1. If I model a spin label as a point 7 Å beyond the Cα along the Cα-Cβ vector, how far apart are those points for residue A:7 and residue A:217 in nm?
2. Using a Förster distance of 30 Å, how high is the FRET efficiency between residue A:251 and residue A:206, based on the Cβ-Cβ distance and rounded to 0.05?
3. Averaged over peptide B:19-28, how many Cβ atoms belonging to another chain are found within 10 Å of each residue's Cβ?
4. Please compute, for peptide B:41-50, the average count of beta-carbon atoms on other protein chains lying within 10 Å of each residue's beta-carbon.
5. FRET efficiency for residue A:244 and residue B:100, Cβ-Cβ distance as r, R0 = 41 Å, nearest 0.05?
6. Put a dot 7 Å past each Cα toward the Cβ at residue B:60 and residue A:145; how far apart are the dots in nm?
Amino acid sequence: MEDVHADETREARRLLATAFETVPADPATAGDGLLRAVRRRYARRRRTRALVSAGGAAAAAGTAAAVLLSVTVAGAPPALGAVTSAISRAAAESFRMNLIVTQHNTVPGQPAIQSPLHITGELDLKRNLGEETLSNGWRTLIVGEEAYTELPPRQAKIYGTGGKPWTEEPLWATQPSYESAGAQLAWDFNSDRPFNPQALLALLKSGARVLNEGSVSGPGWTGTRYRFTVSHPDGTGGVVDSITCTVDVDSQGHIRSLAQTTVFVASGKPGTAGEMIYTTDFTFSDFGIRFSVTPPPASQIAHDIGVAIQF
Amino acid sequence: MRRGAEEFDERFTAFVRSRGEHHLRMATLLTGNPDAAEDLVQASLLKLYRAWSRIDTSGEPDAYLRRIIVNTRRSWWRARWRQETPVPEVPEAAAGEDAAERHAVGALVRQALARLPRQQRAVLVLRYCEDLPEAEVAFLLGCSAGAVKTHAHRGLAALRESLGDLDSFAVNETSGPASG
């Protein structure tokens, strides 16, 4: 019995050591690269805290919006200018959103995930407020720099929240943070604030060619449809084959829909080992809507759920 | 000395430089996704740094960081979806045949690990990769030592079944990722 146990332990150590040692090494993410990334997060958090403590969250968002709007529109091709303006505008005001995330997977051995996922709610990027309800029963509130998630009872039990329905996490910890706009956009659909105008604008600014696809209309609006594709975006390690965005802009200059299709290539070589395609379909409405979000009572928030590892 | 906004304590800097890659590798095994691992380790290091002045780091900062990594609750949404996204496959061109085969097996083991229930995966990584005693793994995961044994046994059985016949694969059994 001891021998069996010893053999099992040896085998486990051997397999795990091989898996560990052959993790592809990326100098950009280790050593000084890792330090730089942590420094950026540290500096960003300090800035956010300072602004919030001074009651300056709105001012900060306003500044960010001004920076966004400074993306050169004058002299840009009309299609690029229209899309840039509409996205910049959405960054500076509130709206209702409806989002459907779907996944299509042809990668051998990759499990299918729950799809589609529907998210409805309101976002105010200027005041950093948000409320999102998901079709799987989860709910997220964004208040300033905090994100609160309400878990359905079954999940709360699994994650060991001690009977409390809410969890709290700093928003910065729920948002991916990558140097490249392509990588940011590729993963953003997974964040608690999935609409990321900054990343979209950075991608546009990187030289995307925006095409005018003609007239389009929706309930109570008419406008123009635009499309752009970025192939093999920088900073995605060959995993992302392309990001295609279709943007509808109404005659008032508001963004009305944004459909983003991200094609991941499992092997880094198109056509060799299947693809995984994520599509996020946003629709926007009720621009300028006023709403408030109240954090859940402290007594309902579980702060230490380390027992459950959410890997 | 006053700490500048973007300067870190020298010992923290030295720690990240010397041990960051180790924890990135461990996090890759835990999450099954290099991008998620990178994000997890960055967030955990930030938490560690915020506590750096209050903890005794003359001994073993690794233990603190490991605990933070394990306890860091990731956004459910992101974690649920991101762990399913594809990652680059095995590098084709290694130094030689042995190295290529070793990398191929390593990738297979990581894929098989990624398919395990997360508690089994965590137990295998912490017990056999980080080489932690059963009691410490139980403490980290908030379960009993008996549960650790069970997860380890079942996890390894599932790994073995998933990997099939790897008998032709030979590795140096003395090598390993032990910290230090």
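Rule-based calculations on the coordinates, nothing more; no lab input. Being a predicted model, the structure only gives us computed values, none of them experimental. Here the Cβ positions follow ideal geometry from the backbone for every residue, glycine too, while neighbour counts run over all protein chains shown.
1. 7.6
2. Numbers: r = 28 Å, r/R0 = 0.93.
The value I calculate is 0.60.
3. Values: counts 2, 9, 9, 2, 2, 7, 8, 3, 2, 4.
The shielding value for this peptide is 5.
4. 5
5. Numbers: r = 35 Å, r/R0 = 0.86.
Using R0 = 41 Å, I get an efficiency of 0.70.
6. Those two pseudo-labels are separated by 3.3 nm.
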